[in-house]
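Below is one structure, written out as structure tokens; the observations come after it.
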Amino acid sequence: MSSSVMGSSPMPTHAPPAPEADRGRRGHPWLTLIAVAFGLFMVGLDGSVVSIANPEIGRDLNASTADLQWVTNSYLLALAATLILGGKLGDRFGRRTYYLIGVAGFALASVAIGLSGSIEGVIAFRAVQGFFGAMLMPNTLGLLRAAFPPKKFGMAVGIWAMVSSVSTALGPIVGGLLVEHVNWESVFYINAPIGVVALVFSAFVLPQSKSTAARHRFDIPGVVLLALGLLLVVFGVVKGESWGWSAGSTLGVLVSGIVVLLGFAWYETRLGRPSPGSRTGADRGQPILPMRLFRSPALSIGTVITAVNFFVLLGVIFFVMLYLQNVRGFTPVEAGVRTLPLSLASVVASPLGAKLTERFGARLTMPLGMVLQAGASFGILGWGVHSSYAAMWPPFIALGLGVGMVMAASSDAIVGNAPVSDAGVAGGLQATALQIGGALGTSVLMSLISGRVGATLTNELTSAGVPAPMAAHLHEAKDAVAMGVSPVGGGMPEQLKSAVAEGSGHAFINGVHTAALVTGVLCVIGAVLAAAGVRRNPQAPAEH
């Protein structure tokens with residue numbers, strides 16, 4: 001399989017096919033893929049069903065909007081801060097061990113959420129869920145990298161990406177059905193049977209794989225610096241929309257996080273150098289994130305494109321669901337069904353992208369995926385308050401195709417260009433980029449929508465027939481309108497209600513168009529970066 005690099009990389013594109021993996025009765029590559037798919041499906045499904053359950057959680061537990069934000073943020077912060085640590089622990093002590101720990105802990109935390117009975121308990125156990133998710137996710141790719149020979153790794157990654165996409169896309173439908181017909185707790189309880197199946201199956205088929213490099217002192221300072229830096233950055237990102245991106249608090253947290261991460265990079269670079277008088281550098285310790293990985297331009301660009309990919313995916317899905325449910329009035333299940341073309345396209349694109357990457361390299365599939373996502377974003381510019389479904393499904397298909405292709409190509413570029421000994425760390429790096437990109441997407445795009453709604457709401461209301469004094473008064477409801485909610489009152493005449501709903505809908509669509517334009521331009525930039533920066537490895541023969 002051809003890996004993609006830029007120029008001549010000093011790193012090996014592929015290490016030997018997993019000599020460190022236990023190849024006994026365990027370790028069949030395709031059984032390994034099935035085993036990790038169960039855990040991956042559980043985490044992906046959980047990530048998207050929670051947003052559907054949040055309103056019911058709020059009503060049942062008397063939670064405030066801020067509380068509900070922390071239901072999501074506590075999980076995201078714990079996950080982002082420990083993903084690379086989870087991969088490093090797997091590389092050093094056993095990927096199978098930490099994958100199983102992650103599956104068991106995630107399932108138990110899910111049950112604890114349903115049994116907690118208080119919003120404080122939900123928030124606390126969501127953080128626990130995030131920690132165990134970080135033990136699980138990077139080691140799925142680490143196990144695949146160790147189990148599959150280079151020629152088959154790309155297709156394995158394609159199927160991995162397909163499972164991730166399908167589970168995420170099914171979340172709104174599954175969550176809507178469970179909340180509507182059972183209760184919100186069932187959204188979390190569903191992880192228990194999936195986790196049990198994953199544990200039992202994995203215990204029988206997964207090989208133990210880990211780095212065979214000489215043991216070094218574990219990088220505790222690196223763990224602390226990385227976790228602190230990522231916590232600050234992600235916290236600043238998720239609070240930026242509510243605090244304001246130019247607010248001193250937002251800038252202070254973000255700058256502090258960046259400074260800590262720069263200190264982390266300096267420390268890791270220094271740790272990775274041999275100390276005076278030592279030929280191996282063993283006495284310095286082993287970096288938790290070896291900076292030498294970034295000598296591979298394909299890995300570095302793949303990390304950036306992964307973040308852009310999920311910036312677009314999660315940001316667009318967020319405002320699309322607001323549009324379908326709050327502006328168009330569809331139920332969560334109806335909205336989820338209407339986004340099925342996105343899911344189905346992603347199912348097709350992930351293995352197709354892997355095959356194209358194997359044949360032509362990521363220099364084709366990364367830019368192609370970005371161009372498809374740009375087309376989807378620009379297609380959304382044609383949406384209006386009353387657009388037919390015929391205007392919606394083409395952007396959904398283009399987005400699904402683009403996301404699937406980029407996910408397969410970037411996974412191969414990141415994990416495939418790392419040595420097998422660092423496969424878990426590379427998987428953690430990719431998952432961290434994914435989480436930060438997704439958090440930025442929802443926060444930044446919602447800020448853009450809010451700003452545009454605030455700038456156009458009064459004019460749109462008056463244009464729709466709302467009297468100017470009332471339109472000026474309703475401007476105070478701009479935050480609700482930015483979520484697609486029309487500020488109609490019970491005592492309004494029907495004609496006035498209709499005018500308020502129409503004007504609010506147009507203001508929201510104005511915001512959506514601004515967000516879609518930004519994502520489209522960002523995807524074009526990503527396509528140019530991938531096309532210009534990624535090169536095929538000249539030493540790797542093309543596969544036929």
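The values are calculated or read from the model by the stated rules, or taken from the named source; none is laboratory data. Everything numeric in this text was worked out from a predicted model, so none of it was measured. Ideal geometry is used to build each Cβ from the backbone, glycine not excepted, and the neighbour counts take in all protein chains shown. Just the protein is used for accessible areas: all its heavy atoms, side chains included, with ligands, DNA and RNA removed. Shrake-Rupley method; radii C 1.70, N 1.55, O 1.52, S 1.80 Å.
Can ALA376 be described as assigned to a helix (DSSP H, G or I), of a type outside the set (Phe, Trp, Tyr) and closer than 22 Å to SER300 by Cα? In short, no. Across segment 128-162, the number of residues qualifying as among the aliphatic types (A, V, I, L, M) and open to solvent by 30 Å² or more (accessible area, probe 1.4 Å) comes to 4. Scanning segment 444-454 for any residue that is over 24 Å from VAL312 (Cβ atoms), among the small types (Gly, Ala, Ser) and assigned to a helix (DSSP H, G or I) turns up nothing.
Which of the residues spanning segment 487-518 are without any contact (Cβ under 8 Å) to a residue 60 or more places away in the chain and either touching a Cys at 6+ places or on another chain (Cβ under 6 Å) or of a type outside the set (A, V, I, L, M) (or both)? Please lay out each step first, then the result.
The first filter runs over segment 487-518 and keeps only residues without any contact (Cβ under 8 Å) to a residue 60 or more places away in the chain, leaving 487-501, 503-504, 507, 510.
PRO487, GLY489, GLY490, GLY491, PRO493, GLU494, GLN495, LYS497, SER498, GLY503, SER504, ASN510 - these are the residues of segment 487-518 that are without any contact (Cβ under 8 Å) to a residue 60 or more places away in the chain and either touching a Cys at 6+ places or on another chain (Cβ under 6 Å) or of a type outside the set (A, V, I, L, M) (or both).
Determine which member of the set ALA66, ALA134, ALA147 is modelled with pLDDT of 80 or more and more than 16 Å from the chain's Cα centre (by Cα). Break it down into steps so the answer makes sense when it comes.
On the way: ALA66 fails: modelled with pLDDT of 80 or more; ALA134 fails: more than 16 Å from the chain's Cα centre (by Cα).
Being modelled with pLDDT of 80 or more and more than 16 Å from the chain's Cα centre (by Cα) holds for just one of ALA66, ALA134, ALA147, which is ALA147.
Screening ASN309 on (1) over 19 Å from LEU448 (Cα atoms); (2) buried (at least 19 other Cβ atoms within 10 Å of the Cβ); (3) polar (S, T, N, Q) shows it passes everything except condition (1). Given the criteria within 25 Å of VAL312 (Cα to Cα) and either outside any helix (DSSP H, G or I) or touching a His at 6+ places or on another chain (Cβ under 7 Å) (or both), does VAL485 qualify? Taking the combined requirement at face value, the residue satisfies it. Return the residue satisfying two criteria in turn: it lies in segment 239-252 and is open to solvent by less than 30 Å² (accessible area, probe 1.4 Å) and either at pLDDT 85 or above or in contact with a Ser or Thr (Cβ under 6 Å, 6 or more places away or on another chain) (or both), and of such residues it is farthest from GLY438 (Cα to Cα). If we take residues in segment 239-252 being open to solvent by less than 30 Å² (accessible area, probe 1.4 Å) and either at pLDDT 85 or above or in contact with a Ser or Thr (Cβ under 6 Å, 6 or more places away or on another chain) (or both), then ALA247 is farthest from GLY438 (Cα to Cα).
In segment 492-507 there is at least one residue that is of a type in the set (A, V, I, L, M, F, W, C), at pLDDT below 85 and either on the phi < 0 side of the Ramachandran plot or not in a helix (DSSP H, G or I) (or both).
Which of the helices (runs of 4 or more DSSP H) contained wholly in segment 159-262 include at least 1 residues that are under 27 Å from LEU448 (Cβ atoms) and hydrophobic (A, V, I, L, M, F, W, C)?
Result: 220-243.
Cβ-Cβ contacts under 6 Å between residues 6 or more apart (or on different chains), taken from a first residue in segment 68-82 that is under 9 Å from LEU231 (Cα atoms) to a second residue that is open to solvent by 20 Å² or more (accessible area, probe 1.4 Å), are listed as LEU77/LEU231; ALA78/ALA127; ALA78/PHE131; ALA80/GLN435; ALA81/ALA227; ALA81/LEU231.
Scan segment 478-485 and tell me whether some residue there is modelled with pLDDT under 90, of a type in the set (D, E, K, R), over 24 Å from the mean Cα position of the chain (by Cα) and more than 30 Å from PHE378 (Cα to Cα). Spell out how you get there, then give the answer.
Step one: filter segment 478-485 for residues modelled with pLDDT under 90, giving 478-485.
This time we only want the ones that are of a type in the set (D, E, K, R), so: 478-479.
Filter once more, keeping what is over 24 Å from the mean Cα position of the chain (by Cα): 478-479.
Still in the list and also more than 30 Å from PHE378 (Cα to Cα): none.
No, there is no match, as no residue in segment 478-485 is modelled with pLDDT under 90, of a type in the set (D, E, K, R), over 24 Å from the mean Cα position of the chain (by Cα) and more than 30 Å from PHE378 (Cα to Cα).
In segment 83-102, which residue that is open to solvent by 20 Å² or more (accessible area, probe 1.4 Å) and among the hydroxyl-bearing types (Ser, Thr, Tyr) is nearest to PHE264 (Cα to Cα)? This residue is TYR98.
Looking only at segment 379-395, count how many residues are buried (at least 24 other Cβ atoms within 10 Å of the Cβ) and either in contact (Cβ under 8 Å) with a residue 40 or more places away in the chain or not in a helix (DSSP H, G or I) (or both). Number of matching residues: 1. For segment 51-66, indicate whether the set of residues that are surrounded by fewer than 20 Cβ atoms within 10 Å (Cβ to Cβ), closer than 18 Å to ALA107 by Cα and touching a residue at least 12 places away in the same chain (Cβ under 8 Å) is non-empty. No, that holds for no residue. Remark: pairs (first residue in segment 177-204, within 16 Å of ASP46 (Cβ to Cβ); second residue open to solvent by 40 Å² or more (accessible area, probe 1.4 Å) and among the aromatic types (Phe, Trp, Tyr); Cβ separation under 6 Å; 6+ apart in sequence or on different chains) = VAL197/PHE38; ALA198/PHE38.
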